[in-house]
1. For the range 148-244, build the charge dipole from Cβ charges (+1 Lys, Arg; -1 Asp, Glu) around the Cα centre, then report which of 211, 148, 221 sits farthest towards its positive end.
2. Please rank 185, 285, 230, 117, fewest neighbouring Cβ atoms within 10 Å first, as an exposure proxy.
3. Could you give the size of the charge dipole of the range 253-328 about its Cα centre, using +1 on the Cβ of each K and R and -1 on the Cβ of each D and E, expressed in debye and rounded to the nearest 20?
4. Can you tell me the order of 13-20, 167-174, 142-149, 310-317 when each peptide is scored by its average per-residue count of other Cβ atoms within 10 angstrom, highest first?
5. Net charge around residue 152, counting only other residues with Cβ within less than 15 Å of its Cβ (Lys, Arg = +1; Asp, Glu = -1)?
6. Given a Förster distance of 30 Å, report the FRET efficiency between residue 30 and residue 245 from their Cβ-Cβ distance, rounded to the nearest 0.05.
7. Total Lys pairs in the range 148-244 closer than 20 Å by alpha-carbon, pairs eight or more apart in sequence or interchain only?
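Only the coordinates and a few stated rules stand behind these numbers; no lab work does. Please read these numbers as outputs of a predicted model, since none were measured by experiment. Note: ideal-geometry Cβ built from the backbone for every residue, glycine included; neighbour counts use all protein chains shown.
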Amino acid sequence: VTGTDHYFLSDGLYVPADQLENPKPLNLHVVLINPTEASNSEEENDKVASAKRLKLNTEDTANAAATSSSVAPGDQDNKFSSVKNKEVQHSSALNRAKVLPECSASSSPRNNECPVREVAKDICQILQNGDAFVLDIDLDFFSVKNPFKEMYTKTEYELLQELYNFKKPHSNATEEDLLDCVENRVHQLEDLEAAFADFCDNDDEETLQKWASYPGLKPLVQLVHSLKSRMESPDYEMVHQAGLTCDYVELPHHISTEEEIEGLLQSIRVLLKSMPKPTLVTIARSSLDDYCPSEQVDVIQEKVLSLLGFVYGTLDVHLDYSSNSSSL
């Protein structure tokens, strides 16, 4: 991509436009949605919606009436939505993205309803009249955790941050500077990937010291020693995956209270009621990777389906994940 945001640079994805083949323009709009306090009328609507709440079992799914709105919950990595309804809890707006008006926090959460409606107006302008679109909802929008903080100690996590740290280019970097930045980043990640792949076969002291002699990889010694002191056989592939998230900002981590979840649902209610009906709704549970807390994901999913039923009517629900495991 030609975007120069740190998000793309840290993944080694930046290239100049003249190096792209068959390039396509992509407009990315980023907006922050804050919780909205439920009004009395909305509380009455909740009573109506709860009466329509779908039971998440196979029999009810099989008997669901087909309508123009389909909902397909599941753990999906490849998203194809035109409008993605996902909160980025610790992100910066992309440099080259158009940022829609933000729903700013105020002294009264209920006041946020107007900004949400304004956001909906902007989104409707983006969605040209008659255009079909897919609405994708990630359940970790409502509650999210960083699973790696539970897997590794504070010291181990800090060592991963040191190893995988992304050195940002200066603000007035030239194209040559950006290319050098990406090249250095790619080499850094390739060395780390090779090191942990080597440890999967042999993590003895000789192998460890060999890799620790590489520029920037000295913290490997303390990290591997710590892992081996706690685990008989560390999962080095998982360690590398955890490290890849430690570039320049931590993964979001905010396990929401029930009140916070309800507030976010109210905001989404206001947003969806102001938008055209999507052709398809997809839901990613984000539970396989533990980003949505396992103890909350089923409750959140039920509430989201109830909300969609209230806004769009009867739903044709396909639980794609349930054929593999009921606990996903």
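1. Farthest towards the positive end: 148.
2. On the way: 185 20, 285 24, 230 10, 117 14.
Listed from fewest to most nearby Cβ atoms, that is 230, 117, 185, 285.
3. 460 debye
4. Details: 13-20: 12.6, 167-174: 11.1, 142-149: 20.8, 310-317: 17.4.
So the order, starting with the most tightly packed, is 142-149, 310-317, 13-20, 167-174.
5. Values: positive: 145, 149, 154, 228, 230; negative: 150, 156, 158, 162, 235, 237, 250, 290.
The answer is -3.
6. 0.95
7. Numbers: 149/228; 154/218; 154/228; 167/218; 210/218; 210/228; 218/228.
Lysine pairs, 8 or more places apart or on different chains, close enough: 7.
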